[in-house]
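Down below is the structure, laid out as structure tokens.
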């Protein structure tokens, strides 16, 4: 039967279909609550995401935890399909829900298309799993190609005493009282003050046991009295084709005592994206791209702008929603060069419109090094200061001789001044430093020119080395002086010894000379006496007298000469 139903569906759709591109599609389950109370209800929707491809049908069987959940109802309200081979069905005994539907050409193409809506009631505490026993999505290509790429399940936690936001039974104070106003809830539109971009939903409420009928009304006035009656009373209403703007669903109950209070449920719908999106760009003084934005949204108002580059969010701004909205936005740094940015304007319902703008991202200026330590001693830190963009980030690179460079990050103050102190430098020689302006890992300026710092030995070591160098000169000098002193002393001592010896020799010579001269004088006297004796015997000739006189004079003169020479030597202190 299922096979024939599928054939009938494809035949009915084929006459309205044309071939389209085939890609892939996901089918998945979504719940309005992840946790519910026992006896409360939870709404589950089967969604399809066509991932950019048009589809014309889908079918499947959903399995659920039958011991924890039971199906209350299956609704087609708001479905993207309008053709049903067979109406969706369910079995609480087996724990399944089945569906098989489609749509004529051009089919459906979207990211979150509702297929059917299932209302479950929680029976007992536990974790209820909702899975696809089978499911297929078929392309709008005239062939019914199965393009299912993923099937995603869901789960619901059922607990005792949970405060899940679902309607609770309406209490009655006395048997004579009229019913209280119902609490109207919606799985697709849970917040009455929020704007939604879909124009239909299922609204539900709990019907107390004593209620015999109820009335509903959908209108644009906030305090209308409902007039459409339902007997027996209904617990939900599927509303489709809601107009953009604010509507109100009015519901009231009646029991044997009469009509009760009225519930007025606000419904805010906006299905149209913002219009007239305009974007212009400029460059700020610190080399950032600034975008001026404006757009209009006639229903819920423009609420935010987002800027994307290559599909990645760069920046966004939120504002008070208004029908005409302008804003300016500074884009975070992007690599230099021409870029195409995507700008999206969002209204309060989440609808968006997009515009592209081409910008030229400027090159970041190179930071300037103003002052640095030209020389330091080993173990000290290198100091550096400079200027860049106000409050900008600066990367400082330090490379000590024989080592890999190290990177540090500092931030400039509001005037653009930055300062840096390195770690202690442990290597002697030259250390080089350079700086780069940084606006993220991939957006940096060119590097500044390197500056060099000489790392010398420490003061203690330098003092010791100076002392060693000084001693290497002083010690030989001292030794030389000592040698000179010793040599002088030794020479003087030797001189004194020689002088003493010479004086002694001189005294001895003087004494011996006197003795010799005394002997010679004595010999001369004896010779004269001898001549005198001879003169008594014979007459001495004149020649002999002259010889004797001359000899006596020569002896006396020789003695005087030697005495003077000896006195002169003594005066000169030899």
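The values are calculated or read from the model by the stated rules, or taken from the named source; none is laboratory data. Note that this is a predicted model, so its numbers are computed, not measured. Cβ: placed from backbone, ideal geometry, glycine included. Neighbour counts: every protein chain shown.
Every residue, every condition in (1) within 30 Å of residue 219 (Cα to Cα); (2) in the same structural domain as residue 192 (by TED's automatic domain parsing), yes or no:
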{"position": "262", "(1), (2)": "yes, yes"}
{"position": "284", "(1), (2)": "no, no"}
{"position": "300", "(1), (2)": "yes, no"}
{"position": "306", "(1), (2)": "no, no"}
{"position": "325", "(1), (2)": "yes, no"}
Taking the condition within 47 Å of the chain's Cα centre (by Cα) and within 15 Å of residue 131 (Cβ to Cβ), does residue 95 pass? no
Residue 110 being part of a loop (DSSP other than H, G, I, E, B) and at pLDDT below 85: no
Residue satisfying condition, being under 12 Å from residue 362 (Cα atoms) and part of a strand (DSSP E or B), within set 305, 338: 338
Given (1) in contact with a strand residue (DSSP E or B) (Cβ under 9 Å, 6 or more places away or on another chain); (2) closer than 28 Å to residue 443 by Cβ; (3) loosely packed, with under 14 Cβ neighbours inside 10 Å, residue 285 misses just (1)
Hey, residue 343 in contact (Cβ under 8 Å) with a residue 40 or more places away in the chain, closer than 30 Å to residue 415 by Cβ, outside the structural domain of residue 428 (by TED's automatic domain parsing) and part of a strand (DSSP E or B) or not: no
Return the residues of segment 411-425 that are closer than 21 Å to residue 451 by Cβ, at pLDDT 90 or above and part of a loop (DSSP other than H, G, I, E, B); say none if nothing qualifies. 412, 416
When you check residue 272 against the structure, is it farther than 17 Å from residue 188 by Cβ and surrounded by fewer than 19 Cβ atoms within 10 Å (Cβ to Cβ), yes or no? yes
Number of the exception - residue 349 against (1) part of a loop (DSSP other than H, G, I, E, B); (2) under 22 Å from the mean Cα position of the chain (by Cα): (2)
What about residue 140, is it assigned by TED's automatic domain parsing to the domain that holds residue 34, more than 30 Å from residue 351 (Cβ to Cβ), in contact (Cβ under 8 Å) with a residue 12 or more places away in the chain and touching a strand residue (DSSP E or B) at 6+ places or on another chain (Cβ under 9 Å)? no
Take the residues in segment 50-64 that are touching a strand residue (DSSP E or B) at 6+ places or on another chain (Cβ under 8 Å) and surrounded by fewer than 19 Cβ atoms within 10 Å (Cβ to Cβ); name whichever of them is modelled with the lowest pLDDT. 51
Here's a check for you: in segment 36-48, which residue that is at pLDDT 90 or above and surrounded by fewer than 20 Cβ atoms within 10 Å (Cβ to Cβ) is nearest to residue 131 (Cα to Cα)? 47
Please count how many residues of segment 366-385 are modelled with pLDDT under 90 and either in the same structural domain as residue 338 (by TED's automatic domain parsing) or outside any strand (DSSP E or B) (or both). 5
Grab the strands (runs of 3 or more DSSP E) fully contained in segment 184-235, keeping just those with 1 or more residues being touching a residue at least 24 places away in the same chain (Cβ under 8 Å). 201-204, 213-219
Determine if segment 448-463 includes at least one residue that is at pLDDT below 90 and within 19 Å of residue 406 (Cβ to Cβ). yes
Restricting attention to segment 65-83, the residues that are surrounded by 17 or more Cβ atoms within 10 Å (Cβ to Cβ) and either free of Cβ contacts under 8 Å to residues at least 24 places away in the same chain or part of a loop (DSSP other than H, G, I, E, B) (or both) number exactly 8
For residues that are farther than 16 Å from residue 423 by Cβ, assigned to a loop (DSSP other than H, G, I, E, B) and touching a strand residue (DSSP E or B) at 6+ places or on another chain (Cβ under 7 Å), tally how many sit in segment 386-405. 4
Do we find a residue being surrounded by fewer than 17 Cβ atoms within 10 Å (Cβ to Cβ), over 22 Å from residue 191 (Cβ atoms) and in contact with a strand residue (DSSP E or B) (Cβ under 6 Å, 6 or more places away or on another chain) anywhere in segment 344-352? no
